[in-house]
């Protein structure tokens with residue numbers, strides 16, 4: 001749901017929900033790191049170049065990782081959409097033509113990350 005509001009560039013969502021957008025952006029980055037780490041581990045197990053027969057534990061572990069990679073592929077797609085959209089918002093926006101300038105209050109910046117902890121704004 002968060003990625004749909006971001007992809008369609010709903011103006012109220014882009015302006016008022018920056019804290020939720022920052023948290024979902026960093027959560028998407030962490031999820032993608034874990035997903036691609038598991039994918040790398042599966043490829044490492046599957047293409048083991050040792051010419052040894054795999055044990056039952058190795059086969060079970062590879063099947064467990066493969067199952068979870070397949071079941072969470074849709075979630076990973078949503079995470080990638082959030083990551084790429086937040087990165088592209090600094091350079092290209094459909095809502096406004098001032099992407100990356102000083103008047104741009106829609107895209108996330110490092111200032112927005114620090115403003116989460118500002119007591120004046122959120123408390």
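Bear in mind these aren't lab numbers, they're just calculated from the coordinates by the rules spelled out. Model, not experiment: these values are computed from the prediction. Note that each Cβ is placed from the backbone with ideal geometry, even for glycine, and that neighbours are counted across all protein chains shown.
Overview of results
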read-out	value
Estimated FRET transfer efficiency (residue 61, residue 36; beta-carbon r; R0 22 Å; 0.05)	0.80
Whole-Å distance, taken between Cα centres, linking the range 57-92 and the range 7-34	16
FRET efficiency, residue 46 to residue 73 (Cβ-Cβ, R0 22 Å, nearest 0.05)	0.85
